[in-house]
Structures are given as structure tokens and as C-alpha cells.
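The values are calculated or read from the model by the stated rules, or taken from the named source; none is laboratory data. In this text the structure is predicted, and so the values were computed from the model without any measurement. Here the Cβ positions follow ideal geometry from the backbone for every residue, glycine too, while neighbour counts run over all protein chains shown. Remember, those area values only see protein heavy atoms, side chains included, never the ligands or the DNA or RNA. Shrake-Rupley method; radii C 1.70, N 1.55, O 1.52, S 1.80 Å.
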Amino acid sequence: MIDNDEIQQIVPILKSGGIIIFPTDTIWGIGCNALDKKAVERIYAIKKRSKDKPMPLLIDTYARLLTHVNKVHPKTTALIDYHDRPLTIIYDKAKNLPDNIIADDESIAIRIVKDDFCRALIKAADFPLVATSANYSEQDSPKNFSEIDKDFLKEVDYVVRHRQHEIQLNEPSTIVKVKKDGELVFLRT
């Protein structure tokens, strides 16, 4: 069940440039307002992540997707709708985003989340979230909340309470690249 009070507590934190740790439709993530360049920089610093390694976005709707990419190939919408696992798609020609989350080739990785909590949070905030695994770079991604490094938790402004008790081991999303000709290349399954 979604705690709307908690969502209403998180939104002002995100709007003011805050960083959160939260459950996604895959693994636990560290995230911020994707449109806030300084907040994105802070995630790179917290994770000790190379700035030449862009971070994916989480969005809630196809309409929001069209705000941030020039073209959505029809194959990708079918894949999103029918793929059984969470799916992150790398699109060419990102737009309306800070340059520090766009790859050198102008591509962007985006996942339309199916998780109810994430969808509600993004809808309430009314902007996409940067979301990458809640761990220091070069460490294993946490498959549930209990696997997040306790020192890492202290580096953020808010840790979401929703789903902390779950012991299920989750996996990262499938990653697909859409080539210019519309061909889909699976980079992680």
C-alpha cells in the first residue's frame, strides 16, 4: 500500500535539490530531480561515480517520455507494454534535460516504471527522477534494502520507509538500445 503522506513528505525534499534512497520496480536506488543539475552532481559525488557514466531516468507516462526524447520507435512501446521485466531503453537525442545526465552521444536511458510507489512519487513531483543503484561505484547493487551500506544511507537527505522490510532479492532492469534503424539491441537481460 502506498503511503501518500510519505510521498507528500518526499516531494519538497526533491524540489529543493534533495537526494533520496527509494525502492524502484527493480533494486533500491539513489535519486533526485532529474532536471536539477546540482542534485545530479551530488549523486555523482556520493556514489563516487565517473561523470562519463550517465545515469538513467525514471518516468511515469509515455507523455513524459515524449518530453525528453525526440522519437519513440513503435517497437519500443510494444516492448514496454509487454515485456515481463522492468525495461530501461536507451534513446537517441535526449532533450529538455541537464547535460550531466545525457551521454556523450546525446542518448539517454529511460524506464517507464510500473511500480505503484514510483509512479505516484513521479506524478506528485511532476518531474522525472534520476535513479541509479543505491551503492558506491564498484560495489554490488543492493538487491533489497538490508544490503544497502549503512554509511551510504547517511549521505542522503531522506530514506524512504516504503518496502524496507522486504527480503525478496530484486534484479536490475533489462537494458535495450534502440539503433537508428529501429533495431533493438539487448545490452543486459
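Listed values, structure above:
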read-out	value
Enumeration of residues in the range 1-41 that are open to solvent by less than 20 Å² (accessible area, probe 1.4 Å) and of a type in the set (A, V, I, L, M)	ILE7, ILE10, VAL11, LEU14, ILE19, ILE20, ILE21, ILE27, ILE30, ALA34, ALA39, VAL40
Filter result for TYR91 (under 25 Å from VAL185 (Cβ atoms) and either at pLDDT 95 or above or aromatic (Phe, Trp, Tyr) (or both))	yes
Hits in the range 42-52 - residues which are in contact (Cβ under 8 Å) with a residue 12 or more places away in the chain and either out of contact with any Lys or Arg (no Cβ under 6 Å at 6 or more places or on another chain) or open to solvent by 40 Å² or more (accessible area, probe 1.4 Å) (or both)	ARG42, ILE43, ILE46, LYS47, LYS48, ARG49, SER50, LYS51, ASP52
Scan of the range 8-39 for residues that are more than 25 Å from LYS143 (Cβ to Cβ) and of a type in the set (S, T, N, Q), ordered by number	GLN8, GLN9, SER16, ASN33
The lone exception for ILE167 - which of (1) under 18 Å from the mean Cα position of the chain (by Cα); (2) of a type in the set (Val, Ile, Thr); (3) over 19 Å from VAL40 (Cα atoms) it fails	(1)
Hits in the range 133-169 (condition: of a type outside the set (Phe, Trp, Tyr), in contact with a helix residue (DSSP H, G or I) (Cβ under 7 Å, 6 or more places away or on another chain) and closer than 19 Å to PRO54 by Cβ)	ALA134, ASN135, SER137
Selected residue (criterion: nearest to TYR158 (Cα to Cα)) from residues of the range 67-77 that are over 15 Å from the mean Cα position of the chain (by Cα) and surrounded by 13 or more Cβ atoms within 10 Å (Cβ to Cβ)	THR67
